[in-house]
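The structure appears below as structure tokens.
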């Protein structure tokens, strides 16, 4: 475990039954109202009441732990509330995506030992692959389908190295890829449209280390697939574009970009996950 | 009706300052909403249909950010005793329906004494905040920033530069009131003190903070004051001769059609001609106030030439480059008693007396120098000597 380790040891599966606690969420904000907490970052443990159990389980089940949270999220009077104080109105159907975005922001903005990138990561046939791309590029679909899953959205890379620390929240699947995964609850995301959450069966524990050996920039496009090699300058530019907070956020971010841009990189044009797997096998 | 006037009417409605405006709204509000950081508020108050889709990403991002900010704020306030919360973080919890409606990415804290501010700075540095150097004579210590959390803190010893004076600060500090932020008990300026601080900002803040939101908050919070609190605001501004605050209060009352908390100000040149240029926008709603104030200033007997005043100010601050250099990006608006020159590159507005306006006209439309009145010639020569005009005469 790295410096981010927690005294609690998450195990899988440990899903929480919703509605186990009798008082309404947010009715009380004290320690007695806590149900369970989710470890998401240093000094960041999120306790949540019954109405939030389903959406948090959907996204962050692997981060469940038992110790005292420093922050309690709840639903109060139709609002997402923190420590009993209303922060923003929210609808039940939108809760999971809302919590996903909120808590990803928390994790990225509280972690000092790693460079956070908007990227997925998998271990595919012995190679650590960092999947970089904008929304809709197919990185979540590939991350959830190929190899061992480490993350689909938020990649923490130790500053100045090519070592990734797993952040295995459930993969966020957009409508175009629903058919590729087992059916699950559909949530409403105001920006991305309908989404589902999929927890790949073969996935790393939170904080597990992965030695990255290549950068892959997926581009979903039906038709003939191909892999196009990228030079280090292109790779560095693309990495910088996917940095949370940019280069100024931490002196280690530039060192991380330098380390990662030295890895082999390719643009992966694919029309199906099978095709992507075959192309990756043949590449190098 | 201009986009600004439409938006102001909508803001009056959603803050209970006025009735719901009729008709389809919002078609061309986006630039104003973005420039004045009003998107989170409007997005969470049933926005006009024409805007709803465009504001949806902002609405969601605002929720993400507000949760993190509330958490960060609560943690910081637990560690920083003996201070008073100012501006956004306090307003988000005392005025708005929910913190998500008011964005802020820094925390401004007022301290009664420098030693307490220094102790706070040491604690923040130990928690990962990076301190910048103090600016001599500035009203707050060098700001502190946590680049990972993307959050900044300013530790204030006064409310603006130049300051309002120790006695005024002490009086405001003494009126501090309890505020609860995400379960943490802290202190903020009381609503009346908050109105004064906001008005100081609106009147002459050199920083580019969003003026329309600033004025809305003055009008909104001011309208909620108890009669004795409202009376205290007027009295405080008068006793401490806070001309900048008076101008901010008057602008807010004019724009949002609420009862003014101070008598109509007669601002100084420095107070009136600031970078806070909303007053000088082409909006007709403000035209009467603008002309009225300008006439008082320019048309009155013995008024100092504002052009000369600006020249002096520019030389004192060693930034003459943006001042009245004839180039593209300058727009002139004639007034009864002179002219306005708006430098669209810097955002500065210069109010010209009649003489100065004539001098300006010369630079646009060459005439024979000898045909000009002596005062105009004198100004032109002064400007040319100082390299501020490249005249053709």
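Inter-chain Cβ neighbour count for B:148-157, averaged per residue, equals 3 (cutoff 10 Å, partner chain atoms only). By how many degrees, 0 to 90 and rounded to 10, does the Cα axis of helix A:273-282 deviate from the longest principal axis of chain A? Once rounded, one gets 50 degrees.
Model label points for residue B:16 and residue A:91, set 7 angstrom from Cα along the Cα-to-Cβ axis, are 2.7 nm apart. Compute the separation of the alpha-carbon centres of the range B:1-57 and the range A:35-89 and state it in Å as a whole number. First find each Cα centre; the distance between them is then 33 Å. Considering only A:37, A:137, A:177, the mean-square fluctuation computed in a Gaussian network model of chain A, springs between alpha carbons under 10 angstrom, is largest for A:177. Roughly what angle does helix A:251-261 make with the longest principal axis of chain A, taking Cα atoms, 0 to 90 degrees, to the nearest 10? Computed tilt is about 40 degrees.
Counting Cβ atoms of other protein chains within 10 Å of each residue's Cβ and taking the mean over peptide B:53-62 gives 3.
Mind running the shape call on the range B:154-232? Use the C-alpha gyration tensor, a ≥ b ≥ c as the square roots of the eigenvalues: rounded below 1.5 for a/c, prolate if a/b tops b/c, oblate otherwise. Note, shape of the range B:154-232 comes out rounded. Legend: mean number of C-beta atoms from other chains within 10 angstrom of residue C-beta atoms, peptide A:51-58, equals 0.
With bins 10 Å wide beginning at 0, the percent of Cα pairs of chain A falling in each bin runs 7, 29, 34, 22, 7, 1. With both labels modelled 7 Å from their Cα along Cα-to-Cβ, the residue B:52 to residue B:126 distance reads 5.2 nm. For the options A:138, A:41, A:271, a Gaussian network treatment of chain A with springs between C-alpha atoms closer than 10 Å singles out A:271 as fluctuating the most. Taken as Cα centroids, the range B:119-140 and the range A:117-144 sit 41 Å apart, rounded to the nearest whole angstrom.
For the range A:161-282, the spread of Cα coordinates along the three principal axes comes to 42, 33, 28 Å, biggest extent given first. When the square roots of the Cα gyration tensor eigenvalues are ordered a ≥ b ≥ c, the ratio a/c for the range B:106-196 is 1.5 or more and a/b does not exceed b/c, which makes its shape oblate. Spin-label model, residue A:192 to residue B:114: label points 7 Å out along the Cα-to-beta-carbon direction sit 5.2 nm apart.
Taking the longest Cα principal axis of chain A as reference, the axis of helix A:232-241 is set at about 20 degrees. With a Förster radius of 22 Å applied to the C-beta separation of residue A:251 and residue A:205, the computed FRET efficiency comes to 0.15.
Just so you know, all these numbers are worked out from the coordinates, no wet-lab data involved. Here the structure is a predicted model, which means the values were calculated and not measured. Reconstructed Cβ throughout: ideal geometry from the backbone, glycine too, with neighbour counts over all protein chains shown.
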